[in-house]
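So the structure is just underneath, and the comments pick up after that.
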Amino acid sequence: MGIEQARAIRDKISICGVGTTEQGTIPDKNGNEIAAEAFKLALEDAGLRKEDVNGLITCKSFGGLGLDTQIAKMLGMAPQYSATLDYGTCNFSLHLAAAVIMAGLADVVACVYGTNQRSNRNSFSTGVGTSESDAFGYFNIAGPAAMALRRHMNKYGTTEEQMGTFAVTFRKHAQLNPIAVMRDELTLKQYLESRYIVEPLHLFDMCLITDGGGCFIVTSAERAQSMRKPPIYVMGMAESSGGLRDFQTEDNLMRPWIKGVGERVYAASGVSQKDIDALYIQDPTSVWPLQMLEWYGFCGEGEAGPFIQDDRISIHGELPLNSNGGQLSESYMWGWLHIPEAVRQLRGECGERQIPGNPEIAQYCSTMAFSKAASSILRR
Amino acid sequence: MPSNYNKPIPNIDQAHSKPFWDAAKRRQLVLQKCSGCGYVRHPASSLCPECLAENNEWATLSGLGEIWSFGIYHHLYNAAFRDDIPYNVAVIKLEEGPLIVSNMVNIANENIQIGMRVKVTFENVTDAISLPKFEPR
C-alpha cells in the first residue's frame, strides 16, 4: 500500500544545509542555545538567512527543553509550520519535513536538535520496562540491548570478538573526524578487557553521554538548485512502529518487524542494498547495527557477526558504516549527526575520512528505542 | 522482614493492576485473561490489546516458564542495588504466553541459561509487597 505515493516524492525534496556544533562538554549553554547555534551554522552552510526559513521542526531534549515554541521564540521566528517531535533522530524529522513541504505547508524547513545532557548530568538510570520492572533493577537501554545480544549469541553463535569490531571500527573513523569526542586508539583487546555494563555488553558497546547540537535544512529540489551547496536529494523514506506490542510478543527486542521498513524504503527509492555507498545506523549500543545490518538485508539473519569482519564496514571497505564514528565515538546526539555526515560525504567534504570512490547514495537507519524505526535514502 | 527496603517498589494500588499484587501476597501468579478472546495479557491494562474488550478475569497461572533472555548488571544505575552487583534481570516466557521481567534467584549468575525451565517464587520485600521472582525447576 502507498508505494506509488512513496515513490512520488523521489528526488523532489532536498537537504540544502547542515550544521553541527562542537560536541562533548559545553557547560555554559543549555540545550536550546546549542540548538540555536546549530541552526545558525546550517543557515550559513545553505547561504540562507533566518527570514528564508518558514518551517521549524525541533526535537525534545532533557530537562523539558527542545520545544518548538521555546526555540522559535529564542530565534525570533514565527514559522508557517512549527512542530516538536519526541525523538527525531534526524529520520523522523526529515520525513515530517518532507511531508510538510509536499503538502505545501512550508517550503524551507529547519530540523534542529541540541542537548546539554552531559553538563547537566541528566540521569540515564531510568527504568526501561513496565512501571513495575524498576523493582527488579531493569534500568537503562543497556538492559534490553544486552538481552537482545544474548539471544543473538545463543541462536547464531555471535561472539564478543565479533561484536568488538563495531567499536573498534567506529573509533578508527572518529580519529579522522575533527568533531568526534573519542579519538584515542581502541584495540579489540582493550574492548574485550573493558568492564561489562550489562553483560554481555562491554563499556565500549555503549554510546557516549555528550553535549552538542545538529541541524539540517530541507526544501524542495527546485528551490535547492539556487543555494550555495550541491543539493542532496531524498530518494525514499519509510517508517514503522512495530515494537509497540513490546512485551506481548517474542519479537520483543529482536525487532524483525524492521524488515518491513527496509522493504518499503528500497521500493520507494528504486535502489537496493548493493547500491548503498555509505551506510549510517544510529548506535546507542552496538546491538543496533548488529540487528539492522540483518533486518535491512545487508547480510542474512544471524550473519552480522562474521559479515563485519575483514574491514568490510571501514571507510575503505565494501560497506562503509558510520564514517563519523557513530554514537560510540563521535557523540551521542540521539542519531542527529548521521544525516549531516551523510550529506557531507555525498558532497565530498569529509577530508581525511572521505569515503573513496565518490559515494553517490547514502542510507540512514534509526529507531526510537525498541518501538519505532525509520530509514531514509539520499543521493547527490 | 526487612524494614529498610529502599529499592523501587511498584505502585500496588492502581485499580487495573491491584489484583496482581494482592495475588502475589498470597503467593499466586495471576494475569488478566480477556473475556472476549481469551488472550492473556501483561502488563496489566484495562483494555485487551488483541480485541479491545474491557471485560476480563484474573486467571491463576501455573507459575511455570522458561528463560527467554537475561542480562547481568555490572554497572550500578540505582544506589539501592549496590549490594547486589552483579545482579541478573531475566525475561521469562510464561507457559501461558506472556513475557515478564523479573530476577532469577537460587542460582549463580554464571549458571543462568536461555531456555532454562523455571518456576515462580515470591519474595516478601515489605509488609505490603511481595515480588514474583523465578528459580530453576
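The values are calculated or read from the model by the stated rules, or taken from the named source; none is laboratory data. Just so it is clear, the model here is predicted, and its values are computed rather than measured. Glycine also receives a Cβ, built like all others from the backbone with ideal geometry; neighbour counts cover every protein chain displayed. What goes into the accessible areas is simple: the full protein's heavy atoms, side chains included, and nothing from ligands, DNA or RNA. Shrake-Rupley method; radii C 1.70, N 1.55, O 1.52, S 1.80 Å.
Quick notes on this one:
- Partner chain coverage, peptide A:122-130 - average Cβ within 10 angstrom: 3
- For chain B, the tally of Lys pairs with Cα-Cα distances below 14 Å comes to 4, considering only residues 8 or more apart or on different chains.
- Peptides A:235-242, A:340-347 ordered by average Cβ neighbours within 10 Å, highest first: A:340-347, A:235-242
- Low-density loop positions, trypsin sites (Lys or Arg not before Pro), the range B:1-78 - DSSP coil, at most 13 other Cβ in 10 Å: B:R26, B:R27
- Amide H contacts of B:L31 (H built 1.01 Å from N, in plane; Pro and chain starts excluded): B:A59, B:L61 sit under 5 Å, all sequence-distant by 5 or more or on other chains.
- The order of B:D127, A:D45, A:D134, A:D310 by accessible area, most exposed first and with a 1.4 Å probe, is A:D310, B:D127, A:D134, A:D45.
- Proximal lysines to A:K29, defined as alpha-carbon separation beneath 20 angstrom and excluding residues fewer than eight positions away on the same chain: A:K40, A:K60, A:K73
- For the range A:226-380: rounded, prolate or oblate by the Cα gyration tensor [a/c cutoff 1.5]: prolate
- Average accessible surface area per residue within the protein assembly as shown, 1.4 Å rolling probe, Å²: 39
- Gyration tensor verdict on chain A (Cα atoms; rounded if a/c is under 1.5, prolate if a/b is larger than b/c, oblate otherwise): rounded
- Solvent-accessible area buried by A and B, counting both chains, probe 1.4 angstrom, square angstrom: 3100
- Surrounding net charge for A:W334, when Lys and Arg each add one and Asp and Glu each subtract one, Cβ distance under 14 Å: -1
- Under the shape rule built on the C-alpha gyration tensor, where the axes satisfy a ≥ b ≥ c, the range A:255-334 is rounded, since a/c falls short of 1.5.
- When the range B:12-51 is described by a simple charge dipole with +1 on each Lys and Arg Cβ and -1 on each Asp and Glu Cβ, the residue from B:I12, B:S35, B:P49 located farthest towards its positive end is B:I12.
- In this Cβ point-charge picture (+1 for Lys and Arg, -1 for Asp and Glu), the protein assembly as shown has a dipole of about 360 debye about its Cα centre.
- Counting only lysines at least 8 places from A:K189 when in the same chain, those with an alpha carbon closer than 19 Å to its own are A:K172.
- Relative protection proxy for B:114-122, A:154-162, from highest mean packing down: B:114-122, A:154-162 (other beta-carbon atoms within 10 angstrom).
- The range A:92-160 - charge dipole about Cα centre, Lys and Arg +1 at Cβ, Asp and Glu -1, debye rounded to 20: 240
- Charge context of A:F39, other residues only, Cβ under 14 angstrom, K/R +1, D/E -1: -2
- Straight-line cross-link partners of A:K372 among the aspartates and glutamates, defined as a Cα under 15 Å from its Cα and at least 8 positions apart when in the same chain: A:D86, A:E239, A:D246, A:D251, A:D283.
- About the centre of its Cα atoms, the range A:1-68 shows a dipole size close to 260 debye [charges on the beta carbon of Lys, Arg (+1) and Asp, Glu (-1) only; nearest 20 debye].
- Acute angle (nearest 10 degrees) that the helix A:160-174 long axis makes with the longest principal axis of chain A, alpha-carbon atoms: 30
- Exercise: per-residue mean of other protein chain Cβ atoms within 10 Å, B:74-82: 6
- Peptide B:41-52 has a mean shielding of 2, counted as Cβ atoms of other protein chains within 10 Å of each residue's Cβ.
- Carbon plus sulfur fraction of accessible area for chain B, probe 1.4 Å, in percent: 45
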